[in-house]
1. What are the pairs with Cβ atoms under 8 angstrom where one residue, in segment 126-149, is touching a residue at least 24 places away in the same chain (Cβ under 8 Å) and the other, located anywhere, is acidic (Asp, Glu) and not in a loop (DSSP other than H, G, I, E, B)? Sequence gap at least six, or different chains.
2. So, of the residues in segment 74-99 that are among the β-branched types (Val, Ile, Thr) and outside any loop (DSSP other than H, G, I, E, B), which turns out to be farthest from Ile143 (Cα to Cα)?
3. Yes or no: Arg134 assigned to a helix (DSSP H, G or I), surrounded by 11 or more Cβ atoms within 10 Å (Cβ to Cβ), modelled with pLDDT under 95 and of a type in the set (Lys, Arg)?
4. Take the residues in segment 54-67 that are touching a residue at least 24 places away in the same chain (Cβ under 8 Å) and surrounded by 13 or more Cβ atoms within 10 Å (Cβ to Cβ), then tell me which one is farthest from Arg87 (Cα to Cα).
5. Hey, among Lys23, Lys83, Lys2, which residue is in contact (Cβ under 8 Å) with a residue 24 or more places away in the chain, within 22 Å of Lys161 (Cα to Cα) and not small (Gly, Ala, Ser)?
6. Quick check on Gln34: is it over 16 Å from the mean Cα position of the chain (by Cα), without any contact (Cβ under 8 Å) to a residue 40 or more places away in the chain and over 30 Å from Met168 (Cβ atoms)?
7. Among the residues of segment 103-114, which ones are surrounded by 15 or more Cβ atoms within 10 Å (Cβ to Cβ) and assigned to a loop (DSSP other than H, G, I, E, B)?
Amino acid sequence: MKSIYLTGFMGAGKTTAGEALGKTMDLPVFDTDQEIERQQRQTITAIFADKGEHAFREMESNMLQDLPREDCIITTGGGIVIKGENRQWLAAHGYWVYLHCNPEEIAIRLEHDQSRPLLSGERKKDLYRLFSERLPLYLQAAIVVDTTGRTMDEVVKEIRKRINETEMEHTM
């Protein structure tokens with residue numbers, strides 16, 4: 001089976017959904033941010049501070065292409081869709097799933113999270129702007145699942161259902 005790529009805005013539930021999906025499907029889960037941190041021996045926040053966003057985005061693209069392409073779930077950072085080459089990769093190499101969440105709920109989920117480099121300090125005010133800029137890019141995904149107000153069990157069931165439907169369409 002092709003890899004399942006989970007994308008979405010920060011706080012949409014990518015990591016949690018990936019872990020739950022991995023358990024129910026008995027597949028390994030890779031998180032691009034965690035893999036970059038392991039490779040660079042730095043946190044994402046430190047990478048942004050030391051090397052800048054552009055350098056991080058290059059690392060992110062490279063990591064996306066280095067991870068397995070079959071029989072796994074890959075959770076991504078919220079900004080992976082910014083680069084066109086990443087969107088093309090997601091579409092061509094696996095099941096690209098966009099986990100949507102209303103920005104109001106994201107703001108509540110991230111209210112006390114200081115670990116997000118793009119939302120630290122004054123940048124929290126930019127959440128709605130950043131969300132609206134990225135939304136058209138996320139919506140290029142073949143599969144869209146809304147996580148707003150849903151349990152993780154409901155989200156995982158929906159992802160699996162939509163992947164099965166997509167597989168059936170391609171076999172007809």
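The values are calculated or read from the model by the stated rules, or taken from the named source; none is laboratory data. None of the values given here were measured: they were computed from a predicted structure. So basically every Cβ, Gly included, is an ideal-geometry build from the backbone, and we count neighbours across all protein chains shown.
1. Val145/Glu158; Thr148/Glu105; Gly149/Glu105
2. Taking segment 74-99 first, the residues among the β-branched types (Val, Ile, Thr) are 74-76, 80-82, 97.
After this cut, where a residue has to be outside any loop (DSSP other than H, G, I, E, B) as well, the list is 74-75, 80-82, 97.
Values: Ile74: 15, Thr75: 14, Ile80: 16, Val81: 14, Ile82: 18, Val97: 5 Å.
It comes out as Ile82.
3. On the way: assigned to a helix (DSSP H, G or I): yes; surrounded by 11 or more Cβ atoms within 10 Å (Cβ to Cβ): yes; modelled with pLDDT under 95: no; of a type in the set (Lys, Arg): yes.
Criteria not met by Arg134.
4. For segment 54-67, the residue satisfying everything is Leu67.
5. Working: Lys23 fails: in contact (Cβ under 8 Å) with a residue 24 or more places away in the chain; Lys83 fails: within 22 Å of Lys161 (Cα to Cα).
When all the criteria are applied, what remains is Lys2.
6. Values: over 16 Å from the mean Cα position of the chain (by Cα): no; without any contact (Cβ under 8 Å) to a residue 40 or more places away in the chain: yes; over 30 Å from Met168 (Cβ atoms): yes.
When the stated conditions are applied, Gln34 does not pass them.
7. Residue satisfying the conditions is Leu110 alone.
Rundown of residues vs (1) over 12 Å from the mean Cα position of the chain (by Cα); (2) of a type in the set (Asp, Glu); (3) on the phi > 0 side of the Ramachandran plot, yes/no style:
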{"position": "Gly11", "(1), (2), (3)": "no, no, yes"}
{"position": "Thr76", "(1), (2), (3)": "no, no, no"}
{"position": "Trp89", "(1), (2), (3)": "yes, no, no"}
{"position": "Ile108", "(1), (2), (3)": "yes, no, no"}
